[in-house]
Amino acid sequence: QVQLVESGGGLVQPGGSLRLSCAASGSIIGIYAMVWYRQAPGKQRELVARITSGGSTEYADAVKGRFTISRGNAKNTVYLQMNSLRTEDTDVYYCNLDLGVASYWGQGTQVTVSS
């Protein structure tokens, strides 16, 4: 059984910063990528940032230059540093573990950007 636990969401003013964390545990062999998605009510889940096992990164255009994805020293951990936050970044953020043959999701963490 694989579990993902996210943390770090909350309320922040526009222009502020937050750091999301995601830790994966369980029977994990051969991580292909770890990915952050976000979803607003009534909308499709969208990719925010992705990092492969080799360290390659990919970002949505809307967050390039503001968000940074990184892996922890414990390779089953991924972070999302979010700077210069905007009201439109308000969403539930989900961590995804891509093993190639299977995919697992965290429970989501709410990020609210509001003055």
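Take the Cα pairs of the chain, get the Kirkwood Rh, then feed it into Stokes-Einstein at 20 °C and 1.002 mPa s and tell me D in µm²/s.
The calculation lands on 152 µm²/s.
Once you have the Cα-Cα distance between T87 and Q44, take 0.36 nm times their residue separation minus that, and quote the gain in nm to one decimal.
Contour length minus Cα-Cα distance gives 13.7 nm.
Considering only protein heavy atoms, what is the solvent-accessible area of E88 at a probe of 1.4 Å, reported in Å² to the nearest 10?
110 Å²
With contacts defined as alpha carbon pairs under 8 Å and 6 or more residues apart, what's the relative contact order of the chain in percent?
The normalised contact order for the chain reaches 37 percent.
Out of A40, A49, A102, any idea which swings most in a Gaussian network model of the chain, alpha carbons joined below 10 Å?
Its mean-square fluctuation being the largest, the pick is A102.
Please identify every one of the trypsin sites (Lys or Arg not before Pro) in region 65-115 that sits in a loop by DSSP and has no more than 16 other beta carbons within 10 Å of its own beta carbon.
Passing sites in region 65-115 are R66, K75, R86.
The values are calculated or read from the model by the stated rules, or taken from the named source; none is laboratory data. This is a predicted model, so every value here is computed, not measured. Note: ideal-geometry Cβ built from the backbone for every residue, glycine included; neighbour counts use all protein chains shown. Heads up: the accessible areas ignore ligands, DNA and RNA and are worked out on the full protein's heavy atoms, side chains in. Shrake-Rupley method; radii C 1.70, N 1.55, O 1.52, S 1.80 Å.
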